[in-house]
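A short worksheet on the structure shown next.
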Amino acid sequence: FPVNLQAILERLTAAAESLVTGAGHGLVNVARQIGGLLSILILSPIVGYRLLRDLPALRRNSLRLLPRQLEPEVDGLFVEMDVLVGRYLRGQMLVSLIVGSLTIAGLSIIGLPYAVVIGALAGLLNMVPIVGYWSSLILALLVGLSTPNPGGTALIVGAIFFAIQILEQNFISPRIVGEQTGLHPVAVLLSLLVFGALGGMAGAVMAIPFT
């Protein structure tokens, strides 16, 4: 059969261009995701600090905009919101402590280097939905890949993180946070699913307080 070298070269060139273009788009998307993550990690503490510092002034100014007869009712609502958000944060801190302890225990059993450091980071980052889990998992996998048995260790590390994630999402967090906020565990799960689907990480962060 006659071979058309020109056609083959054109196809190979087109395939190479498509591959390079796809890789370029992928790198751009990854850079955007990393940039967005860094922006959230840097701006969130600043915005949170400013809101907490100015919250009393915001409360007073909001009450001034209302008719006088509504001020006691709205002020009581502010107080109730403050109490519930405080309970929610305490519940999240307890959940993070449990997740960190479980991670330390699991990684220590398999003898992973820096198990305590990684577990502590996993507990601390657990306060940030989605991003915290993946950040700590990637760090643990990188450490696992540096061990004498990289493939097996990385697989076990992934299994440990997956099991803890299942426990946290389906049992620990709904029970503890639900008790703190007065929400049924099913309501906690549904709110995380709905707000996470609608608003991504920001929606997951605001799911329980808003609900």
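The values are calculated or read from the model by the stated rules, or taken from the named source; none is laboratory data. The structure displayed is predicted, hence computed values, not measured ones. Backbone-built Cβ (ideal geometry, glycine too); neighbour counts: all protein chains shown. Protein only, heavy atoms only, side chains kept; ligands, DNA and RNA dropped before computing areas. Shrake-Rupley method; radii C 1.70, N 1.55, O 1.52, S 1.80 Å.
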- [ ] Report, by residue number, each residue of segment 170-186 that is open to solvent by less than 70 Å² (accessible area, probe 1.4 Å) and part of a helix (DSSP H, G or I).
- [x] I172, S173, P174, I176, V177, G178, Q180, T181, P185
Task: Residues (modelled with pLDDT under 80, within 23 Å of I118 (Cβ to Cβ) and of a type in the set (G, A, S)) located in segment 161-211 - done: A204
Task: Residue list for segment 150-159, filter: at pLDDT 90 or above and either polar (S, T, N, Q) or farther than 30 Å from V194 by Cβ (or both) - done: G152, T153, A154, L155, I156, V157
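Each row is one residue, and each column tells you yes or no for (1) touching a helix residue (DSSP H, G or I) at 6+ places or on another chain (Cβ under 8 Å); (2) closer than 14 Å to I104 by Cα; (3) part of a loop (DSSP other than H, G, I, E, B).
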{"site": "V128", "(1), (2), (3)": "yes, no, yes"}
{"site": "I138", "(1), (2), (3)": "no, no, no"}
{"site": "L155", "(1), (2), (3)": "no, no, no"}
{"site": "F161", "(1), (2), (3)": "yes, yes, no"}
Open item on the list: Every residue in segment 127-149 that is closer than 27 Å to V194 by Cα and either open to solvent by 20 Å² or more (accessible area, probe 1.4 Å) or touching a Cys at 6+ places or on another chain (Cβ under 6 Å) (or both), please.
Closed with: M127, V128, P129, I130, V131, Y133, W134, S135, I138
Task: Boolean, A105 is within 25 Å of E80 (Cα to Cα) and over 14 Å from the mean Cα position of the chain (by Cα) - done: no
Task: Residue that is within 30 Å of A159 (Cβ to Cβ) and not β-branched (V, I, T), where the choices are G76, G106, G86 - done: G106
- [ ] Kindly provide the set of residues from segment 105-126 that are open to solvent by less than 40 Å² (accessible area, probe 1.4 Å) and either assigned to a loop (DSSP other than H, G, I, E, B) or touching a Ser or Thr at 6+ places or on another chain (Cβ under 9 Å) (or both), ordered by number.
- [x] L112, A115, I118, G119, A122, G123, N126
Task: Filter result for the condition that a residue is within 27 Å of F195 (Cα to Cα) and either modelled with pLDDT under 80 or polar (S, T, N, Q) (or both), over V95, V74, V99 - done: V74
- [ ] Scan segment 64-98 residue by residue and report those that are small (G, A, S) and surrounded by fewer than 15 Cβ atoms within 10 Å (Cβ to Cβ).
- [x] G76, G86
Task: Failed item in (1) crowded, with 19+ Cβ neighbours inside 10 Å; (2) assigned to a helix (DSSP H, G or I), with L189 passing the rest - done: (1)
